[in-house]
Structure formats: C-alpha cells, structure tokens
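Notes follow the structure.
Quick note: the coordinates plus some simple rules give every number you see, no bench work behind them. All figures in this text were calculated on a predicted structure; none of them were measured in a lab. Quick reminder, even Gly has a Cβ in these numbers, built from the backbone with ideal geometry, and neighbours come from all protein chains shown.
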C-alpha cells in the first residue's frame, strides 16, 4: 500500500485527537481507522513514516546493501 505525506500529516493530527479522547481517523482515500490508544497511533506513525522513506529511496534509485566482513577470510 502506498502512503502519502498527507496520510502521515493526518496521523500526526490524530495523535493529538486521540490524546484528547477521539478514536477515529479518516484518510485521504476514504479509509477510516479506529485507534484504541496513543501508543497505537504512534506505532502507525512509525510504520507510515518508514514506508514513505522506503518509497522515496526506491524512487531515487539508491540501493543499500550490507556485506559482512570476516577477518578469518570467509
């Protein structure tokens, strides 16, 4: 699922709303989600933020790989 910056902004706004007692959030594409706690909103923010960053790095063409290095020569 492709997230947009507007979804992340909406989650940041909903973090305040959930902290004040609201529980439902409606996204730009019409989806509606009910959150039970502030922790659930912060977890969703982390997921959406990571997804947006992955989409941006995929568009830029930068591919990062880690290659292990062993002193024993393996």
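Restricting attention to the range 14-32 and to residues that are surrounded by fewer than 12 Cβ atoms within 10 Å (Cβ to Cβ) and in a helix (DSSP H, G or I), the residue that is farthest from the chain's Cα centre (by Cα) turns out to be 19.
Taking the criterion of being free of Cβ contacts under 8 Å to residues at least 12 places away in the same chain and at negative phi, the residues of the range 27-39 that qualify are 29, 31, 32, 33, 34, 39. Within the range 1-11, being surrounded by 15 or more Cβ atoms within 10 Å (Cβ to Cβ) and assigned to a helix (DSSP H, G or I) holds for 7, 8, 10, 11.
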